[in-house]
Amino acid sequence: MYKQVMLLGLLLEKPMYGQQIREVIENHHDFLANFMKKPTIYYQLEQLAKDGYLEIRRETVEAPGPGSAHDSLALRERDVYYITEQGRRYFHTLLRNMLSTYRPGLSEVDVCFFFLHHLSKQEAIALLAERHVLVTSYRASVVRQYEGTQDEAHRLVYDHDVMLLDAELNWLQRTINHLRSSHEQSSQVTA
């Protein structure tokens, strides 16, 4: 749903062609760029158009060329996406629903805990320690990415991301400590 909200929200601001949308996401909403690759964007745009939320108009616009001609702007034919009135209503419905609801779910690591007994405690601790290093590194990149962010929307996203990452780091450390403690206790019992 967030992909539809993102695309409809961008098109609510102004009509754009596909590559423009991708560039706006990469340049202004870069935290989403890894989750909204070009094929995904076009697939979502086509679905939104099929459902009546967007209108596609073939227009001549000033646009970069393909491949090595990307830096040269010229008049080119592009499919420009316009949000329809139905699309506006749908956007506002999605936005309100997503802000006011919570959908719990299991993550990859949650599923793995059901099968943690298939690993030695030492290996489980080592793997979770690796995960801790990765999350710590990712958190540092998020902090760098949002340094100096002035607009409120990006500050809210940053704050949410950092809080979730801090919770993950705290949980990982607590879990590692628990596994170490239970490993030490089982080692003392067998000794």
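The values are calculated or read from the model by the stated rules, or taken from the named source; none is laboratory data. Predicted model only: the values in this text are computed from it and were never measured. With ideal geometry, Cβ positions are generated from the backbone for all residues, glycine too; neighbour counts draw on all protein chains shown. Ligands, DNA and RNA are excluded from the accessible area calculation, which covers all protein heavy atoms including side chains. Shrake-Rupley method; radii C 1.70, N 1.55, O 1.52, S 1.80 Å.
Considering only residues that are in contact with a helix residue (DSSP H, G or I) (Cβ under 8 Å, 6 or more places away or on another chain) and among the basic types (Lys, Arg), which ones fall in the range 74-117? Result: Arg78, Arg88. In the range 45-53, is there at least one residue being at pLDDT 80 or above, open to solvent by 50 Å² or more (accessible area, probe 1.4 Å), in a helix (DSSP H, G or I) and farther than 20 Å from Met1 by Cβ? For the range 45-53, residues at pLDDT 80 or above, open to solvent by 50 Å² or more (accessible area, probe 1.4 Å), in a helix (DSSP H, G or I) and farther than 20 Å from Met1 by Cβ: absent. If the condition is being among the aromatic types (Phe, Trp, Tyr), part of a helix (DSSP H, G or I) and loosely packed, with under 13 Cβ neighbours inside 10 Å, then the range 1-44 contributes Tyr2, Tyr43. So, of the residues in the range 70-109 that are over 30 Å from Ile125 (Cβ atoms) and small (Gly, Ala, Ser), which turns out to be surrounded by the fewest Cβ atoms within 10 Å (Cβ to Cβ)? Per the stated criteria, the residue is Ser100. For the range 54-63: of the residues being hydrophobic (A, V, I, L, M, F, W, C) and modelled with pLDDT under 95, which is farthest from Val24 (Cα to Cα)? The qualifying residue farthest from Val24 (Cα to Cα) is Val61. Check whether at least one residue in the range 60-69 is under 17 Å from Gly9 (Cβ atoms), free of Cβ contacts under 8 Å to residues at least 40 places away in the same chain, among the hydroxyl-bearing types (Ser, Thr, Tyr) and open to solvent by less than 90 Å² (accessible area, probe 1.4 Å), and report yes or no. Taking every residue of the range 60-69 in turn, none turns out to be under 17 Å from Gly9 (Cβ atoms), free of Cβ contacts under 8 Å to residues at least 40 places away in the same chain, among the hydroxyl-bearing types (Ser, Thr, Tyr) and open to solvent by less than 90 Å² (accessible area, probe 1.4 Å). For Lys121, all conditions in the list (1) under 20 Å from Tyr2 (Cβ atoms); (2) among the basic types (Lys, Arg); (3) more than 18 Å from the chain's Cα centre (by Cα) hold save one; what is the number of the exception? Result: Lys121 passes all but (1).
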